[in-house]
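The values are calculated or read from the model by the stated rules, or taken from the named source; none is laboratory data. What you see is a predicted model; the values in this text were computed from it and never measured. Methodologically, a virtual Cβ is constructed for each residue, glycine included, from the backbone with ideal geometry; neighbour enumeration extends over all protein chains shown.
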Amino acid sequence: MYLMRDKSALEQLIESDEFSNRLNLDRKTYGLVFDKRTLSSVYEIIKKYNVNYIDFPISSGKESLIFKVIMDDGTSRVMKIYKMSTLKFSNTFEYIKGDYRFDKEKINRTNVVYVWAQKEYTNLDALVNSKVKAPKPYGFYKNVLLLSYLGTKTGPARQIREIDTDFNLLYSKLKINLWRMYNVAKIVHADLSEYNVLYYRKEPYIIDVGQSVSIKHPMAEEFLRRDIKNITSFFIKKNVICNEGNLYNYIKSGKNV
């Protein structure tokens, strides 16, 4: 799918109703529809960051669409597009309102998607700067993010639930990343599971951090315990000797041993 950086190719699509959500579409098609606001955001990202073309879709979820894109210099990036119509205010408010970093943002049903994208950018930036394995954020505009691409020319990195590897070693590496996430980046993932850890170059990479909160968030402790329960349950199924208490104590101790 190609998107050229000129008015004739993209702005005409924005001005037309061809991609409007008002069209009578079935459910399968509806999930891939871009409204005018989203097309405008994509256009801005393409212009500002010199995106040459969109290569192929990586995933399509309830809340976002993810594409591999090729830059003018030939390098690969990821474009993550939050859907304007499906990211629900009620599901996101608790992750934003209690986070002091975004307390001054005026959150409503119109701009919550924009704040969510900004929040993911901010969280990823904090993780990368804390040497946590995570995609590097390059920029955002409204509901569109530009991130580093984890994968090969033929396909993206797989989730850890999809691979066969030395899970004892993988667990040890993930533990270190979770320690850094909490003690250096000062962030709790708040939705950690085998679905949002990718296996890339023999390392676990933490993704999908839009909902991630500051450790000062009033729900941070509850979110941390939930994350630990989810990830420990996965590794136990992979015959790794681990338990929630040990991982919790390791992360909370502040001692990276």
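L178 is checked against (1) crowded, with 22+ Cβ neighbours inside 10 Å; (2) farther than 30 Å from M84 by Cα; (3) among the aliphatic types (A, V, I, L, M); (4) touching a Phe, Trp or Tyr at 6+ places or on another chain (Cβ under 8 Å) and fails just one. What number does that condition carry?
Result: L178 fails condition (4) only.
In this structure, is K48 of a type in the set (K, R), closer than 28 Å to R109 by Cα and at pLDDT 90 or above?
yes
Output the residues belonging to the stretch 182-191 that are under 15 Å from the mean Cα position of the chain (by Cα) and not in a strand (DSSP E or B).
Across the stretch 182-191, the qualifying residues are H189, A190, D191.
Looking at the stretch 192-206 only, could you name the residues that are crowded, with 23+ Cβ neighbours inside 10 Å and assigned to a loop (DSSP other than H, G, I, E, B)?
L192
If you go through the stretch 91-106 one residue at a time, how many are of a type outside the set (F, W, Y) and either without any contact (Cβ under 8 Å) to a residue 60 or more places away in the chain or in contact with a Leu (Cβ under 7 Å, 6 or more places away or on another chain) (or both)?
7
Kindly list the number of the only condition in (1) free of Cβ contacts under 8 Å to residues at least 60 places away in the same chain; (2) among the hydrophobic types (A, V, I, L, M, F, W, C); (3) under 23 Å from T152 (Cβ atoms); (4) out of contact with any helix residue (DSSP H, G or I) (no Cβ under 6 Å at 6 or more places or on another chain) that fails for I207.
(1)
What number of residues within the stretch 101-146 satisfy the criterion of being in contact with a strand residue (DSSP E or B) (Cβ under 8 Å, 6 or more places away or on another chain) and in a strand (DSSP E or B)?
So the count comes out to 7.
Surrounded by fewer than 20 Cβ atoms within 10 Å (Cβ to Cβ) and within 19 Å of the chain's Cα centre (by Cα) - does that describe any residue in the stretch 247-257?
The answer is no, given that none of the residues of the stretch 247-257 is surrounded by fewer than 20 Cβ atoms within 10 Å (Cβ to Cβ) and within 19 Å of the chain's Cα centre (by Cα).
Among the numbered criteria (1) under 17 Å from Q159 (Cβ atoms); (2) out of contact with any Phe, Trp or Tyr (no Cβ under 7 Å at 6 or more places or on another chain), which single criterion is violated by L198?
For L198, the exception is condition (2).
Assuming S172 fulfils every condition listed in (1) in a helix (DSSP H, G or I); (2) surrounded by 14 or more Cβ atoms within 10 Å (Cβ to Cβ) apart from one, which condition is it?
Answer for S172: the failing condition is (2).
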